[in-house]
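First the structure, in the form of structure tokens, and then the observations on it.
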Number of protein chains: 2
Amino acid sequence: MGAETSPSTAEPGRAQEGAPAPAVPADHPGVSELFAVLAYGEISAFYRLAEDARFSPSLRGRVALASMAAAEMSHFETLHTALEARGVEIYAAMEPYRKALDAYHASTTPSTWMEVLVKAFVGDGIAADFYCEIADMLAPEVASVVREVLAETGHSEFVVHEVREVVERSPLQKDRLMLWGRRLLGEAITQAQYVLAQNEELAELVILASGDLSNIAALFDRMQVEHAKRMSVLGLH
Amino acid sequence: MGAETSPSTAEPGRAQEGAPAPAVPADHPGVSELFAVLAYGEISAFYRLAEDARFSPSLRGRVALASMAAAEMSHFETLHTALEARGVEIYAAMEPYRKALDAYHASTTPSTWMEVLVKAFVGDGIAADFYCEIADMLAPEVASVVREVLAETGHSEFVVHEVREVVERSPLQKDRLMLWGRRLLGEAITQAQYVLAQNEELAELVILASGDLSNIAALFDRMQVEHAKRMSVLGLH
């Protein structure tokens with residue numbers, strides 16, 4: 001992740017004459033599909049965070065979740081603008097992806113405040129890993145949109161602090177949250193496969209970005225490694 | 001509203017030497033209380049909008065409400081920063097105002113999508129009128145924070161369009177929504193009085209800003225006039 005595709009003399013993040021052509025050109029039809037999935041992902045994350053805040057034992061926790069949710073909406077606006085520039089109507093474009101993303105959230109509805117926090121931290125991270133891997137192979141103007149909307153939404157310090165504190169003094173909670181983390185990863189990968197099956201152009205984009213199908217398996221393996229690192233940050237290892 | 005207290009030669013919005021002293025100096029203890037009420041108002045509006053979105057018949061409506069809610073959080077951050085600069089811990093400061101603001105929302109829980117939209121538009125407006133009237137008499141650095149957090153959160157075009165369309169073809173809906181608007185104003189004024197009764201310094205600030213107690217009555221009258229104008233924009237007259 002984060003490997004520069006441009007030569008070292010190039011300004012970072014800028015397309016350069018003579019730079020190697022990206023694996024996925026900016027006008028690939030899968031790009032609009034990618035933006036649409038990301039956009040619906042932001043909306044569904046917004047409402048999930050807002051709903052999950054009911055588990056918060058404190059006003060501070062409710063504020064932290066509301067701030068994370070608000071950041072998702074600013075990312076949504078970025079995607080809205082990017083889709084408009086491509087002449088794509090965002091609401092129609094998002095429609096095919098609602099089912100899989102809603103299913104992910106329905107299958108990972110938290111039942112405690114700790115599960116809420118772990119999901120907010122780890123679930124976001126899984127999605128970010130997947131899209132950032134792909135971003136490396138996209139045209140720079142497309143990659144910059146993807147990276148912008150996957151940037152840290154902040155407040156992870158709050159989550160890390162709250163979760164570590166609980167996990168360090170309760171082995172039972174630790175065991176439960178480790179299982180929870182595994183379930184989040186499993187469901188995310190399942191639903192990612194449904195999303196890819198939903199649209200041929202999107203699937204082609206991911207295959208092009210990965211190199212070939214066997215590389216997609218390697219991509220999922222790397223996501224597992226990143227997931228384990230993130231769990232470890234929360235004291236879940 | 002919006003009357004300039006600084007002389008016409010002054011840069012608008014800037015404190016000038018020789019400008020008349022504001023009725024409420026920046027170090028009045030009621031200022032922190034005012035920021036705290038506003039801050040809790042943003043949080044409670046965020047969660048109310050997120051919850052009310054379940055009535056939306058369309059994804060577009062859900063996005064509109066999520067965007068309004070997100071704007072509330074950016075205002076919250078402004079108030080958080082302003083309170084920190086005054087050495088005030090925001091969570092403790094908000095606590096006394098939770099009850100009255102939660103009571104306002106509990107007493108005005110919408111039961112239809114149209115009620116949601118009218119409340120988002122009219123309820124926000126009532127609060128903005130009240131605080132903007134006060135802002136005119138505050139020290140400029142305080143007034144600018146108040147005005148910033150009461151700025152239009154956008155998306156009112158969406159609301160106006162949706163409500164007018166329904167109201168123009170259904171006299172029954174129009175009648176119901178006119179009653180709903182009246183109830184929103186009544187509950188807002190009731191709860192505003194509870195808020196003022198909650199804290200002496202805040203009450204003093206409002207009295208200073210209004211001139212005297214009889215002017216508070218005049219202020220509530222002007223709010224009623226502004227409310228009627230806003231209802232009229234929605235086709236509710």
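The values are calculated or read from the model by the stated rules, or taken from the named source; none is laboratory data. As the structure is a prediction and not an experimental result, all values here were calculated from the model. Reconstructed Cβ throughout: ideal geometry from the backbone, glycine too, with neighbour counts over all protein chains shown. Only protein heavy atoms, including side chains, enter the accessible area calculation; ligands, DNA and RNA are left aside. Shrake-Rupley method; radii C 1.70, N 1.55, O 1.52, S 1.80 Å.
Summary of computed values
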| quantity | calculated |
| --- | --- |
| Accessible surface, 1.4 Å probe, highest first, among residues B:Asp102, B:Asp27 | B:Asp27, B:Asp102 |
| Gyration tensor verdict on the range A:63-178 (Cα atoms; rounded if a/c is under 1.5, prolate if a/b is larger than b/c, oblate otherwise) | prolate |
| Placed amide H near A:Ala26: partners under 5 Å, 5+ positions off or other chain | A:Ala139 |
| Neighbouring partner chain Cβ atoms per residue of B:43-54, average, 10 Å criterion | 3 |
| The range B:30-233, accessible surface, carbon-and-sulfur percent (1.4 angstrom probe) | 54 percent |
| Gained length - A:Arg98 relative to A:Arg54, 0.36 nm times residue gap less alpha-carbon distance | 13.5 nm |
| Projected label distance in nm at B:Leu179 and A:Tyr91, using a 7 Å step from Cα toward the beta-carbon | 3.0 nm |
| Helical mean residue ellipticity (222 nm; -39500 (n - 2.57) per DSSP H run of 4+; nearest 500) of chain A | -23500 deg cm²/dmol |
| Calculated FRET value between B:Glu201 and B:Glu157, using beta carbons and R₀ = 45 Å, to 0.05 | 0.70 |
| Which of A:Phe121, B:Phe35 is most accessible, then next, and so on - probe 1.4 Å | A:Phe121, B:Phe35 |
| Whole-number accessible area per residue in Å² for chain B, which is evaluated in the context of all protein chains at 1.4 Å | 47 Å² |
| Cα-based Rg of the protein assembly as shown normalised by 2.2 N^0.38 Å, two decimals | 1.10 |
| Options A:Thr78, A:Thr109, A:Tyr131, ranked by Cα towards positive dipole end of the range A:30-233, top entry (Cβ charges) | A:Thr109 |
| Listed residues B:Arg176, B:Arg164 arranged by accessible area, highest first, probe 1.4 Å | B:Arg176, B:Arg164 |
| Interface burial for B against A (accessible surface, 1.4 Å probe, total of both chains, Å², rounded to 100) | 2000 Å² |
| Cross-link pairs beyond the 26 Å C-alpha cut-off, checked among B:Lys99/B:Lys174; A:Lys119/A:Lys174; B:Lys99/B:Lys229; A:Lys119/B:Lys99; A:Lys99/A:Lys229 | B:Lys99/B:Lys174; B:Lys99/B:Lys229; A:Lys119/B:Lys99; A:Lys99/A:Lys229 |
